[in-house]
Amino acid sequence: MSRDEEDCGSERTQVAETTARREALLLAALLAAMYAMLAGAPLVRGVPPVAGGVAVTVLFTAAALGIAALGARVRIGALGELLGMLLTLGLWWVIGVLGEREGTTRLLARPGADAVFVLACVLAGRLLSRILRERNIMLPIAIVLALTDVFTVFVGPVALVLARAPRVVEQFSMKLPAVGSAAGPEGAAGLTHFATLGLGDIIFAAVLLVGAARFDLNFRGTFWWILGLVGGGLALFVAVPAIEHMPVLPLMAVAFLIANRGRFELSREERRVTIVAFIFVAALLAGLGVLAHMLAARLPAPPPETPQAAEQPQSPAAAQPQ
């Protein structure tokens, strides 16, 4: 190897190390910004409830997707992903236990638990993405994710759990606090949230972004389209009380397909298999939805929960202290 080649290799290594350090710092900054926003929003006074709810939703979505995008590009092996996920899940559980306490501890711990949970979900998405072997598989995955999310939210397991045991869904979701809800005379005891974002949304955002980076797709376009459609959809969900549930993965899938249009080269056989798979999955989910509702009709109604049993998401206006 010549001296020039050695110099070029050393320069590339330095650039890669500098980029890695910069991305790590950005990741830490985004986590800190998410925590500050979640912890500070309940203490802010004088913000109209709907405007505050939309602002918290958009800022949280941008931070979560930014963490997913940086997490998709960081260089780490499968063992590091697994250990990191287990470590962050353990930390999330410990901080979550603290978040069940009353007083200032609740205000400080809940946002920390949610920020750590976002990072755990991103690492889980990286692990899951290791089953992806080639670019064209991303197309049917995006379609199946969209169909599955619509099913689970409206007629599948999530819908049933929301109706029968909403506390379970809340426990495994990121909670968006109502602006000013802890600024009233009740203090930390008045803290409420107006919406939740499920762990699957962050996990599969990471899967799509990892796939875009790994298979040389339009990574930046994928990020911005997902942020635009998901952020806009969730802002509409918060602003319109009549919308009770908002499946997020269909918006992500559409954004991913728009950003990467023309980048999938399917053979005739692959196109045929994709269409057949789409029809099969749609029929399967429809059948499972009918079965789920039949089973739900046979189950006894859940006992009414006391106000202390679980904190239910409220509209931003209802969550605002008077």
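Every test in (1) without any contact (Cβ under 8 Å) to a residue 12 or more places away in the chain; (2) under 30 Å from Ala41 (Cα atoms); (3) outside any helix (DSSP H, G or I) is passed by Leu87 save one, and that test is (3).
Looking across Val179, Val238, one residue alone is surrounded by 22 or more Cβ atoms within 10 Å (Cβ to Cβ), outside any helix (DSSP H, G or I) and not small (Gly, Ala, Ser). It is Val179. Among the conditions (1) at pLDDT 90 or above; (2) of a type in the set (Gly, Ala, Ser); (3) over 21 Å from Pro177 (Cβ atoms), Ala24 misses just one, which is (1). Would you say Ile226 is assigned to a helix (DSSP H, G or I), touching a Phe, Trp or Tyr at 6+ places or on another chain (Cβ under 9 Å) and under 15 Å from Ile67 (Cβ atoms)? So Ile226 passes the test. Residue-level analysis places Thr104 outside the set of residues that are within 22 Å of Gly66 (Cα to Cα) and among the polar types (S, T, N, Q).
Look at segment 126-150: where a residue is touching a residue at least 12 places away in the same chain (Cβ under 8 Å) and in a helix (DSSP H, G or I) and a partner is buried (at least 18 other Cβ atoms within 10 Å of the Cβ) and charged (D, E, K, R), sitting 6+ places away or on another chain with Cβ atoms under 6 Å, you get Arg126/Glu81; Leu127/Glu81.
Can you tell which of Phe204, Phe256, Phe215 is over 23 Å from Val54 (Cβ atoms) and more than 17 Å from the chain's Cα centre (by Cα)? Lay out the reasoning, then the answer.
Working: Phe204 fails: more than 17 Å from the chain's Cα centre (by Cα); Phe256 fails: more than 17 Å from the chain's Cα centre (by Cα).
After ruling out the rest, the residue left standing is Phe215.
Given the criteria aliphatic (A, V, I, L, M) and either modelled with pLDDT of 95 or more or assigned to a loop (DSSP other than H, G, I, E, B) (or both), does Ile76 qualify? For Ile76, the condition - aliphatic (A, V, I, L, M) and either modelled with pLDDT of 95 or more or assigned to a loop (DSSP other than H, G, I, E, B) (or both) - is met. Restricting attention to segment 104-144, the residues being farther than 14 Å from Leu209 by Cβ, surrounded by fewer than 19 Cβ atoms within 10 Å (Cβ to Cβ) and under 15 Å from the mean Cα position of the chain (by Cα) number 0. Here is a check on your reading of the model: is Ala55 surrounded by 12 or more Cβ atoms within 10 Å (Cβ to Cβ), in a helix (DSSP H, G or I) and at pLDDT 90 or above? Judged against the criteria, Ala55 is a match.
The values are calculated or read from the model by the stated rules, or taken from the named source; none is laboratory data. Computed from a prediction, not measured in an experiment: that's the story for all the values here. Please note: Cβ atoms are built from the backbone with ideal geometry, for glycine as well, and neighbour counts cover all protein chains shown.
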